[in-house]
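Below is one structure; the comments refer to it alone.
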Amino acid sequence: MANILPNLAADIYKAADIVGRELVGIIPSVTINAGSEGAAFGDTVRSAFTRAAGVNTSYTPAMTIPEGDDQTVDNKTMTIDQVANVQIPYTGEDILHLNNGVGYETVYGDQIAQAMRAITNAIESYAGVTLKNGASRAHGTAGTTPFGSNFDEIAELRQILVDNGMPLDGQATIAMNSTAGTKLRNLAQLQKVNEAGGEELLRRGELLNLQGLMLKESHGIASHTKGGMTGADITAATGPIGATALPFDGGTVNTTGFAVGDVIVLGGDTRKYIVGTGSTATSGTVTINEPGLIQLAAEDATITVGNSYTGNVAFHRAAAELVVRPPSQPFGGDAATERLTVQDPFSGLVYEIAVYKGYGKVMFDITTFYAMKVWKPAFVATLLG
């Protein structure tokens, strides 16, 4: 057993390929920032952003070339603060028993595949929560599965995103849980569209491309438990349009107050805003996600917290970024006798596999560091279920 990973390399890459193809929801639909270089837990990753361009409204012929407008490239940062790790220990007795059966290499390959699957599931679930909490607004009825009889919810979600300025470039997705997916499959319209198309969509786990949105299922769709805030109202007329900080008072906290991800409506405005920064105070400020208010709220307008919900999400690829890295190693390496970094070309996920040999025992360690942020909440909307 001097060299374990070389014997398993083909199975490991095959496992990464299989797991990658199972990512039918959120991970392959967001921006992936991945690399094989090691990162430290707590590292800061920078992403560049360009500002909106200004438009010149004058034209003056001249013999000299204009200087042009000064350009500034901004950057945002996120901290790698999540880790997914699976450890698989074996003793000599374990290997002897396996060799009396299918052989340890076969079982090792299967277990590494399961480890990658578990890590993938953890990242997908984390991504679902991140998108839910970072959405701009919501549509639908909490507690009611969408697509009960038609596709109307898709058009409503599309309107939210388009009104928020989302580009129509074919990179938008609606990720939903299997309950909503089943409702879709039971619609006669969907069955007819799939009959007219091929099997390629279904093989990729994609239900349908409808109105410029790719419909996908995901096991990582998050459930949201509403905060306990009641009785709060706006303390002063809000403004301007686009404001995200809402002053309030008169609230009863009921332990949790305004929770991140809560759906709130203001007075007679039926738009459903998403809380980005909560509050456990009876008065103060609650922050909604960008692009903020579409309609001004009057003084004393009641802030109503919506019911708990399932957070199916519609989003553009540029809305969120997922950073994935293998862990960095100390100078000269650690106690691992072998190490292999695997990156799936389809999903961009990176898995590092290390072998540690001890006294009468060997252990496989599979680790991924990751983080995710919603950079553009305006390009995310929640479909309540």
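The slack in the chain from residue 76 to residue 225, taken as 0.36 nm per residue of separation less the alpha-carbon distance, amounts to 50.7 nm. Net charge of the neighbourhood of residue 38, taken over other residues with C-beta under 15 Å away and scored Lys/Arg +1, Asp/Glu -1, is -3. Between residue 211 and residue 281, the modelled labels are 4.0 nm apart [label points 7 Å from Cα along Cα→Cβ].
Summarising the amide proton neighbourhood of residue 164: residues at separation of 5 or more, or on other chains, whose placed amide H is nearer than 5 Å comprise an empty set. Across the range 226-307, the mean sequence separation of Cα contacts (distance under 8 Å, 6 or more residues apart), normalised by length, yields a relative contact order of 42 percent. Extending 7 Å from Cα along the Cβ direction at residue 185 and again at residue 155 yields two label points whose distance is 2.6 nm.
Phi angles across the range 80-93 convert, under the Karplus curve 6.51 cos²θ - 1.76 cosθ + 1.60 with θ = phi - 60°, into 3J(HN,Hα) values of 6, 10, 10, 9, 10, 9, 10, 10, 10, x, 9, 9, x, 4 Hz, Gly and Pro given as x.
Say R0 is 30 Å: what FRET efficiency, to the nearest 0.05, do residue 328 and residue 114 get from their beta-carbon distance? Rounded to the nearest 0.05, the efficiency is 0.70. Of 63, 363, 176, the sequence from fewest to most neighbouring Cβ atoms within 10 angstrom is 63, 363, 176. Taking Lys and Arg as +1 and Asp and Glu as -1, the other residues whose beta-carbon sits under 9 Å from that of residue 137 total +2.
Between the range 41-68 and the range 307-329, the C-alpha centres lie 29 angstrom from each other. Annotation: lysines with alpha-carbon distance below 22 angstrom to residue 76 (same-chain offsets under eight excluded): 132, 373, 376. Scanning residues 5 or more positions from residue 338 or on other chains, those with amide H under 5 Å from its amide H are 355, with H placed 1.01 Å from N in the peptide plane. Summarising the amide proton neighbourhood of residue 278: residues at separation of 5 or more, or on other chains, whose placed amide H is nearer than 5 Å comprise 260.
Spin-label pair residue 40-residue 241: with each label point 7 Å from Cα along the Cα-Cβ axis, the two points sit 4.8 nm from one another. Each peptide in 246-255, 219-228 was scored by the mean count of other Cβ atoms within 10 Å over its residues; highest first, the order is 219-228, 246-255. Each other residue within a Cβ distance under 12 Å of residue 26 adds +1 if Lys or Arg and -1 if Asp or Glu, for a net charge of +1.
Each value in this text was obtained by applying a stated rule to the coordinates, not by laboratory testing. Bear in mind that the values here come from a model prediction, so they are computed numbers and not experimental data. Note: ideal-geometry Cβ built from the backbone for every residue, glycine included; neighbour counts use all protein chains shown.
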